[in-house]
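Peer 1: Shown below is the structure under consideration.
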Amino acid sequence: MKTDPFIIVRDLTMAYGDYVIMRDLNFTVGRGDIFIIMGGSGCGKSTLMKIMVGLKEPARGKVFYGDLNFWEAVPDDRKHIVQNIGILYQSGALWSSMTLAENVALPLEEYTDLSPNEIRELVSFKLSMVGLAGYEDFYPAQISGGMRKRAGIARAIALDPDILFFDEPSAGLDPVSAKRLDDLILELRNSLGATVVVVTHELASIFAIGNNSVFLDSETRTMAAVGNPKMLLENSQDPKIINFLMRGETEGHLR
Amino acid sequence: MKLRFNGPTDGVLMIRLSGNWQIGEDLSSPNEVKTKLESETDIQRVTFDTKELTQWDSSLPILLLKIKNLCSEKKIYMDSDGLPRGANRLIELATAVPIEKDARSVEENKTFFSLVGAETIHFLKSAKEMIAFIGEAFLAFIKFLSGKARYRRSDLFMTIQGCGAKALPIVSLISLLVGLILAFVGAIQLKMFGAQIYIADLVGIAMVRVMGAVMTGIIMAGRTGAAFAAQIGTMEVNEEIDALKTLGISPMEFLVLPRMLALVFMMPLLCIYADLMGILGGGIVGIGMLDLNMSQYYIQTKEAISLNDLWIGLFHSAVFGVLVALAGCLRGIQCGRSASDVGNAATSAVVTGIVSIIVATAIITVMCNVLGI
Ligand SMILES: Nc1ncnc2c1ncn2[C@@H]1O[C@H](COP(=O)(O)OP(=O)(O)OP(=O)(O)O)[C@@H](O)[C@H]1O
Ligand SMILES: [Mg+2]
């Protein structure tokens with residue numbers, strides 16, 4: 001499937017202070033893609049996501065949304081883009097002083113003119129999509145880690161955004177919920193036409209939903225490959241990538 | 001004797017390990033190996049004999065890793081066949097991912113001047129941050145006045161309750177005692193002149209003009225300022241603030257504004273209440289110890305305090321409200337990303353709050369003096 005370019009990352013270098021984490025990242029996320037960011041723990045996946053959504057400035061390089069150079073655009077344009085992005089943070093990042101319903105409702109109250117009744121219905125619907133129907137009045141501290149992740153997803157999709165960023169959505173979920181989540185992501189793409197960027201290590205998800213991916217290599221501090229994960233597994237010559245995509249069980253499979 | 005050497009014969013050094021090789025035992029140090037490798041120049045291979053080794057734990061792989069590093073430095077081949085299988089596996093795992101050299105934060109040798117420079121830069125940076133923060137808070141307040149600020153009413157009411165009604169017990173206790181102490185100290189002096197009745201003036205004016213406001217300010221800095229910093233700091237740690245920002249909601253309006261408003265509303269009220277409690281405390285000493293009667297004390301107090309004093313006291317308290325709220329929220333927003341950072345933020349909010357309260361009191365007092373009020 002060929003899609004037109006939507007988010008373009010050019011020569012991106014990211015660093016905390018003088019400590020460079022990744023350099024020279026180049027990849028393109030097409031409209032309607034489910035794009036996977038993968039790589040070892042601590043290699044900078046979350047940081048890359050933060051740069052793409054405008055929370056952290058890159059040390060060098062550019063991020064384009066369509067024709068717009070995100071980091072050099074005027075704040076209003078930037079805000080406009082960010083409003084169309086739904087984000088699930090690695091920690092869930094639910095607002096702890098609000099109930100789940102209020103968490104999901106806040107984006108709706110902020111950007112729509114819906115009546116409280118309509119908002120309540122929408123909130124219940126979004127929560128039931130992630131399997132949390134009935135938990136409307138719970139506070140984040142009263143639910144489990146995996147449930148917080150799911151509530152975070154409900155909040156991210158509250159406004160039916162064009163672009164979704166999920167940081168390890170299935171971490172902490174049981175296999176059945178993880179599968180349901182994959183179905184949800186596919187459905188969001190297929191029915192709403194959303195572009196989804198997912199940070200994940202879950203091999204099953206990577207192959208089930210990803211149609212494009214980038215592999216970050218923490219040893220060389222740059223990306224090792226871009227492309228469809230299935231193709232990468234078939235065609236890649238890089239033992240690191242094959243090792244990753246086969247869960248380290250490469251003995252005997254290496255060519 | 002746990003570590004012995006055989007050889008070297010024909011360039012092969014055999015290291016014999018024996019006994020219990022566990023943490024807490026009296027173990028031979030790897031330096032023995034080092035000296036051995038350095039003193040003998042013709043070693044090409046190191047082998048191990050562990051037949052007499054009875055038990056081992058992590059201390060064995062640690063030793064072996066060190067030997068391995070020594071060997072690779074000296075280009076000596078280390079033959080690990082003689083080692084226990086498990087120890088070999090552990091070493092493999094430990095060396096599977098190469099050491100991240102950049103990951104260690106480098107502690108440079110710093111000279112006095114570079115330290116002074118770094119401190120100065122840090123100070124200027126934090127001063128700049130503080131000024132920017134105050135500016136943003138002011139803008140948020142203007143937005144509130146024009147009715148466009150985005151915050152949750154319920155947050156405002158919760159905060160008002162938390163820093164208003166719930167602070168009453170401690171404010172009562174402290175103010176009552178402060179009034180009592182003031183009266184006690186004054187009583188001894190005034191009694192010498194037979195001017196006991198002026199105790200009412202002393203306590204009344206002192207409480208209403210500054211002490212009531214300062215005491216509530218300090219209580220609120222410790223109680224509410226610290227709480228603000230911890231709440232906002234925790235939100236920073238949990239990425240909740242990031243989540244607000246990407247939603248296009250300004251943390252200034254959403255988090256700082258309601259807290260600031262709550263304190264600015266509640267501090268003057270608490271201050272009036274503290275004034276009353278202080279006067280009550282003074283009254284207890286006056287009536288109980290100095291044999292003044294109640295109506296005498298009441299009338300004397302009423303005559304002593306002018307409306308001006310009250311306004312000045314209220315002005316103090318409103319200023320303190322802003323200062324405590326700003327200090328708490330600023331430290332919260334500046335909070336790092338770990339749990340200990342939250343603790344530091346709370347501590348530093350209290351310190352900043354109290355220091356700024358005292359400085360502000362000094363400034364206002366001097367100003368009142370100059371203006372003659
Ligand atoms: N606030 C920070 N300050 C300094 N360094 C940081 C900071 N946050 C992350 N890092 C560093 O950046 C690197 C990448 O972190 P990041 O959280 O992006 O990794 P990740 O790929 O998301 O890891 P994981 O899969 O475990 O979530 C880490 O090595 C970490 O040391
Ligand atoms: Mg991460």
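Peer 1: Put a dot 7 Å past each Cα toward the Cβ at A:Asp11 and B:Met130; how far apart are the dots in nm?
Peer 2: So the label points at B:Met130 and A:Asp11 sit 4.1 nm apart.
Peer 1: Further, regarding this structure: Treat every Asp and Glu Cβ in chain A as -1 and every Lys and Arg Cβ as +1, leave all other atoms uncharged, and give the resulting dipole magnitude about the Cα centre to the nearest 20 debye. Working shown, then result.
Peer 2: On the way: 25 positive and 33 negative charges, 109 e Å.
Around 520 debye, computed over chain A.
Peer 1: How many nm separate the modelled label positions at B:Asp79 and B:Asp26, each set 7 Å beyond the Cα in the direction of the Cβ?
Peer 2: Roughly 3.3 nm, to one decimal.
Peer 1: Quick one, what does Rg over Rh come out to for segment A:115-206 if you take C-alpha atoms and the Kirkwood Rh?
Peer 2: Values: Rg = 13.1 Å, Rh = 13.7 Å.
A ratio of 0.96.
Peer 1: Interface size between chain A and chain B, please: total buried accessible area, 1.4 Å probe, rounded to the nearest 100 Å².
Peer 2: Working: alone 12500 and 21110 Å², together 31760 Å².
Between A and B, the summed buried area is about 1800 Å².
Peer 1: Still on this structure, please answer the following. Just list whichever of A:Lys79/B:Lys143; A:Lys50/B:Lys128; B:Lys143/B:Lys166; B:Lys128/B:Lys148; B:Lys2/B:Lys36; A:Lys50/A:Lys126 have alpha carbons separated by over 21 Å in the model shown.
Peer 2: On the way: A:Lys79/B:Lys143 19 Å; A:Lys50/B:Lys128 25 Å; B:Lys143/B:Lys166 29 Å; B:Lys128/B:Lys148 27 Å; B:Lys2/B:Lys36 15 Å; A:Lys50/A:Lys126 24 Å.
Where the Cα-Cα span goes over 21 Å, the pairs concerned are A:Lys50/B:Lys128; B:Lys143/B:Lys166; B:Lys128/B:Lys148; A:Lys50/A:Lys126.
Peer 1: By DSSP, what percent of the beta bridges with both residues in chain B are antiparallel, rounded to the nearest 5? Intermediate results must be reported in sequence, preceding the final value.
Peer 2: Values: 5 of 16 bridges.
The antiparallel fraction comes to roughly 30 percent.
Peer 1: Rounded to the nearest angstrom and ordered from largest down, what semi-axes does the equivalent ellipsoid of chain A get from its C-alpha gyration tensor (root of 5λ)? Show your work: numbers first, answer last.
Peer 2: Values: eigenvalues 186, 98, 55 Å².
Working from the Cα gyration tensor, I get semi-axes of 30, 22, 17 Å.
Peer 1: I'd like the per residue volume of the convex hull spanned by the Cα atoms of segment A:1-70, given in cubic angstrom. Intermediate results must be reported in sequence, preceding the final value.
Peer 2: Numbers: hull volume 6.1 nm³, N = 70.
It is 88 Å³ per residue.
Peer 1: Assuming a viscosity of 0.692 mPa s and a temperature of 37 °C, what translational diffusion coefficient in µm² per second does Stokes-Einstein assign to segment A:10-162, Rh being the Kirkwood radius over Cα pairs? Let's see the in-between values first.
Peer 2: Numbers: Rh = 17.1 Å.
The calculation lands on 192 µm²/s.
Peer 1: Output the residues of segment A:111-156 meeting this criterion: accessible area (heavy atoms, 1.4 Å probe) in the chain alone minus accessible area with all protein chains in place is 10 Å² or greater.
Peer 2: Buried by the other chains: A:Tyr111.
Peer 1: Compute the helix-to-body angle for B:168-192: its Cα long axis versus the longest principal axis of chain B, expressed 0 to 90° and rounded to tens.
Peer 2: 60 degrees
Peer 1: Largest first and in whole Å, give the semi-axes of segment B:2-101's equivalent ellipsoid, each being the square root of 5 times a Cα gyration tensor eigenvalue. Display every interim value, and only then the final one.
Peer 2: Details: eigenvalues 78, 63, 31 Å².
With the √(5λ) rule applied to segment B:2-101, the semi-axes are 20, 18, 13 Å.
Peer 1: How tilted is helix B:85-96 with respect to the longest principal axis of chain B? Cα atoms for both, answer in degrees (0 to 90, nearest 10).
Peer 2: It is inclined by approximately 60 degrees.
Peer 1: To the nearest 20 Debye, how big is the dipole of chain B about its Cα centre, given +1 on the beta carbon of each Lys and Arg and -1 on that of each Asp and Glu? Walk me through the intermediate numbers first.
Peer 2: Numbers: 32 positive and 33 negative charges, 137 e Å.
Value, rounded to 20: 660 debye.
Peer 1: What net charge is computed for the residues neighbouring A:Ile37, neighbours being all others with C-beta under 13 Å from the C-beta of A:Ile37, Lys and Arg scored +1, Asp and Glu -1? Intermediate results must be reported in sequence, preceding the final value.
Peer 2: Numbers: positive: A:Lys45, A:Lys50; negative: A:Asp33, A:Asp167, A:Glu168, A:Glu202, A:Asp217.
With Lys, Arg at +1 and Asp, Glu at -1, the neighbours total -3.
Peer 1: Only counting protein heavy atoms at a 1.4 Å probe, give the residues of segment A:79-93, ordered by number, whose accessible area falls by 40 Å² or more when the other protein chains are present relative to the chain alone.
Peer 2: A:Tyr89
Peer 1: Give the relative contact order (percent, whole number) for chain B; include only Cα pairs under 8 Å separated by 6+ residues.
Peer 2: Details: 493 pairs, mean separation 66.3, N = 373.
Relative contact order comes out at 18 percent.
Peer 1: State in Å² the accessible area per residue of the protein assembly as shown; use a 1.4 Å probe, count heavy atoms of protein chains only, and round to the nearest integer. Don't skip to the end; give the middle numbers.
Peer 2: Numbers: 31760 Å² over 628 residues.
That works out to 51 Å² per residue.
Peer 1: Calculate how steeply helix B:226-237 sits against the longest principal axis of the alpha-carbon atoms of chain B, using the helix alpha-carbon long axis, and give the answer as 0 to 90 degrees to the nearest 10.
Peer 2: Long axis of B:226-237 versus the principal axis of chain B: about 40 degrees.
Peer 1: Separate question: Using the 2.2 N^0.38 Å rule of thumb for compact globular proteins, work out how chain B stacks up: its C-alpha Rg over that value, please. Each step should come with its number before you reach the end.
Peer 2: Details: Rg = 34.7 Å, N = 373, 2.2 N^0.38 = 20.9 Å.
It is 1.66.
Peer 1: With a point put 7 Å past each Cα toward its Cβ, work out how far B:Thr41 is from B:Ile188 in nm, to one decimal.
Peer 2: 8.6 nm
Peer 1: Loop only by DSSP, 11 or fewer other Cβ within 10 Å of the Cβ. Give me the trypsin sites (Lys or Arg not before Pro) in segment B:45-75 that pass, ordered by residue number. Can you show the working numbers first?
Peer 2: Details: sites: B:Arg45, B:Lys51, B:Lys66, B:Lys68, B:Lys74, B:Lys75; in loops: B:Lys74, B:Lys75.
Loop-located and lightly packed - B:Lys75.
Peer 1: Let's see if you can work this out: charge +1 on each Lys and Arg Cβ, -1 on each Asp and Glu Cβ, no other charges. What is the dipole magnitude of segment A:158-255 about its Cα centre, in debye to the nearest 20? Please list the in-between numbers first.
Peer 2: Details: 8 positive and 15 negative charges, 47 e Å.
Dipole of segment A:158-255, to the nearest 20 debye: 220 debye.
Peer 1: Select from segment B:142-177 all residues whose loss of accessible area on going from the chain by itself to the full protein assembly reaches 30 Å² or more (probe 1.4 Å).
Peer 2: Residues shielded by partner chains are B:Arg150, B:Arg152.
Peer 1: Tell me whether the protein assembly as shown comes out rounded, prolate or oblate; compute the Cα gyration tensor, take square roots of the eigenvalues as a ≥ b ≥ c, and use a/c under 1.5 as the rounded threshold. Spell out each step's value before the answer.
Peer 2: Values: a/c = 2.75, a/b = 1.56, b/c = 1.77.
Because a/c hits 1.5 or more and a/b fails to exceed b/c, the protein assembly as shown counts as oblate.
Peer 1: Please give me, ordered by residue number, the trypsin sites (Lys or Arg not before Pro) of segment A:1-104 that lie in loop per DSSP and have at most 11 other Cβ atoms within 10 Å.
Peer 2: On the way: sites: A:Lys2, A:Arg10, A:Arg23, A:Arg31, A:Lys45, A:Lys50, A:Lys56, A:Arg60, A:Lys62, A:Arg78, A:Lys79; in loops: A:Lys2, A:Arg31, A:Lys56.
Sparse-neighbourhood loop trypsin sites (Lys or Arg not before Pro): A:Lys2.
Peer 1: Right, here's the next one. On the accessible surface of the protein assembly as shown, probed at 1.4 Å, how many percent belong to carbon and sulfur atoms? List each step's numbers first, then the result.
Peer 2: On the way: 18770 of 31760 Å².
About 59 percent, which is the carbon plus sulfur part of the accessible surface.
Peer 1: How high is the relative contact order of segment A:21-180, in percent, counting Cα pairs under 8 Å that sit 6 or more residues apart?
Peer 2: Details: 175 pairs, mean separation 40.2, N = 160.
Relative contact order for segment A:21-180 comes out at 25 percent.
Peer 1: Just for chain A, what percent of DSSP beta bridges are antiparallel, to the closest 5? Display every interim value, and only then the final one.
Peer 2: Working: 20 of 38 bridges.
Bridges in chain A are about 55 percent antiparallel.
Peer 1: How much of the DSSP bridge set in the protein assembly as shown is antiparallel, in percent, rounded to the nearest 5? Before the final figure, lay out each step's value.
Peer 2: Values: 25 of 54 bridges.
Percentage antiparallel, nearest 5: 45.
The values are calculated or read from the model by the stated rules, or taken from the named source; none is laboratory data. Because the structure is predicted, anything quoted here is derived from the model rather than measured. Virtual Cβ from ideal backbone geometry, glycine too; neighbours counted across all protein chains shown. For accessibility, only protein heavy atoms count, side chains too; no ligands or nucleic acids. Shrake-Rupley method; radii C 1.70, N 1.55, O 1.52, S 1.80 Å.
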